[in-house]
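Contents: one structure, followed by commentary.
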């Protein structure tokens, strides 16, 4: 479900233009594979970029946080090969890539460079890290997103299922469940239905760096 708020903003010299702001409910698919027309920037919430293999298994490519962009393939006028899905209640700005001024172009360049760096790090984790380390890294990353909240005792709790973790770390739910259980028994995390509490972030960081 989505709600569109039509809006056009202009700053001096035409350096910034936003066509619309669109609100999405959790689970809403924003983009499908196919033709790309617009560029998007997250204002509020969290967007998941994901794809599927030939067997129908999902793979999370990255998360897009407030201030970050997706739909960048529209800049090169190439086909989109992924889905974009709202993970939480989200508000997304829509831009015409053919009407980008200096300010917006610079912001897009900076944010895409940061996203590329994170993708390099993700590839390194998938290729060179054990599953245990990948899961620890993913939990720490999710703790900085709209999927996390702070409990009254000060601990961070991440709302994510084992299926979602598996899609993010390139594994399957059964194996992820086993590792999550091990981390729980070690006292590093607490795992409940669809939520994981980070009991010992310092230990989790050490595991992520193994």
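Observations
- Mean-position separation - Cα centroids, the range 72-86 and the range 152-210, in angstrom: 30
- Estimated at 0.36 nm per residue, the fully extended path between residue 99 and residue 55 surpasses their Cα-Cα distance by 11.9 nm.
- Were the residues from residue 118 through residue 78 laid out at 0.36 nm apart, the gain over their Cα-Cα distance would be 12.2 nm.
- CD proxy at 222 nm, helix term only [per DSSP H run n ≥ 4: -39500 (n - 2.57); per residue of the chain; nearest 500]: -10500 deg cm²/dmol
- Principal-axis analysis of the Cα atoms of the chain puts helix 131-142 at an angle of about 50° to the longest axis.
- For residue 163 and residue 106, the FRET efficiency from 1/(1 + (r/R0)^6), where r spans their Cβ atoms and R0 equals 30 Å, is about 0.20.
- Which of 158, 188, 110 has the fewest Cβ neighbours within 10 Å, and the rest in rising order: 110, 188, 158
- For the pair residue 197 and residue 153 in one chain, pulling the backbone fully straight at 0.36 nm per residue adds 14.7 nm over the alpha carbon distance.
- Listed values (1) 12.9; (2) 10.4; (3) 12.3 include one computed from this model; for mean projected area of the Cα convex hull in nm² that value carries the label (1).
- Relative contact order of the range 130-208: 36 percent, from C-alpha pairs under 8 Å at least 6 residues apart in sequence.
- Considering only alpha-carbon pairs that sit under 8 angstrom and 6 or more positions apart, the relative contact order computed for the chain is 19 percent.
- Fluctuation leader among 153, 200, 190 - the chain, Gaussian network, Cα springs under 10 angstrom: 153
- Residue exposure sequence - 93, 182, 79 - by fewest surrounding Cβ within 10 Å: 79, 182, 93
- When each of 159, 95, 70 is scored by the number of other beta-carbon atoms lying within 10 Å, the sequence from fewest to most is 159, 95, 70.
Laboratory data are not the source of any read-out in this text; all were calculated from the coordinates shown. For clarity, every value in this text was computed on a predicted model and none was experimentally measured. Virtual Cβ from ideal backbone geometry, glycine too; neighbours counted across all protein chains shown.
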